[in-house]
Amino acid sequence: MNVGRLKRSDGGTVALVLARVDLVLSRFFTLRVVRVVNLYLERRGPLMAAGLAYRLFFAISALLVVGFATAGLVISGNEGLQRVIIQAVGAAVPGLIDTDGTGGDSDAGNGLFTPEDLFDRTSGLGLTLLLSTGVMLVTSLGWVSGMRQAMRGVFGLAPVAVHPIVLRVRDLGTLALLAVVMVLTTVLGVIANNTLGALFALLDLRGISQVLTQIAGFGVMIVLDTMVMLVLLKSASAITIPRAVRFQGALIAGIGSTLLRTFSAQLLASLSDNPLLFPFAVILALFVWFFILSQVYLLATAWCAVGSMDREAALERRKHERVGSLLRQSRQRNHTRT
């Protein structure tokens, strides 16, 4: 209905109110955020996020076992480096490691593993480590493959038509790139925290050093999560996305993941307080956390999908405008000649 026409024709109060409501709803559903959520739900985003969370849980568990077993061989006896690794993993995946030293089976435990479980049980390059490495590769490649299919599903694209072996090699490259990004960002975060601590001590600013260090750590985690999403959008998805739109989606995923990680401790504490959920509170909390994290990734992908469609529509509109302008100029020249 046309609101102006109803006003002029005195169509009645009810019809005018309904027309205004229809106008408001129409404008509301044209907002980009609303379009992103609608696209995410229409393309079955929550269902795909649940599958990704399932794959991510097993991939992270296998990666944790292999990573700590390898680190135990390389930095055996170096408690300082072990603490750095524990802090980095605990910050990246809250609830996975019991950093209080109470153990995951006690009432006060707050993690699935203890540092002793992971560092003290390494016994060299044995069959267990080799099998764990194989499981890690299979589960990690499965997660990358699932993420690619989910991202392409949000875009409404068909699976990649590439030989499976070539695709697995690409996925291995994606995993290696993700590992490099995470290691470099973690190292930079440790260096930044230590440098800031020394600088604040030198300037006698111990009162605000903790707050500023936490802010710096928060910024480092945003950079890490943003870089991870950039790698997934650029390398894993096999989708051509405009650079500005891709960066917007990666930044949304980075901020969302960091905020989610910040408040995950409250989620774990609320589950631990429930006597019915306590026996498997950590595992349940990790599954919930991975599920919400996967939804953040896919919502950021939906943002990129809507942004890409808007960019294509704008380019097509400018193309038609140029064609129309050329046609008008041609008609004017012909009219002038006649």
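Derivation of every value follows stated rules applied to the coordinates shown; laboratory data play no part. The shown structure was predicted, so the numbers you read here are calculated from the model rather than taken from an experiment. Because the Cβ atoms are built from the backbone with ideal geometry, glycine has one as well, and the counts that use them run over all protein chains shown.
A simple rule links phi to the HN-Hα coupling: the Karplus curve 6.51 cos²θ - 1.76 cosθ + 1.60 with θ = phi - 60°, which for the range 287-301 gives 4, 5, 5, 5, 5, 5, 4, 5, 5, 4, 4, 6, 5, 5, 5 Hz, with x for Gly and Pro.
Working from label points 7 Å from Cα in the Cα-to-Cβ sense, the K319 to F287 distance is 4.8 nm. Residues whose amide H comes within less than 5 Å of that of I97, counting only those at least five positions distant or on another chain, are L112, F113 (H built at 1.01 Å from N in the peptide plane).
Note on I165, I215: ascending count of other Cβ atoms within 10 Å places them as I165, I215, the fewest first.
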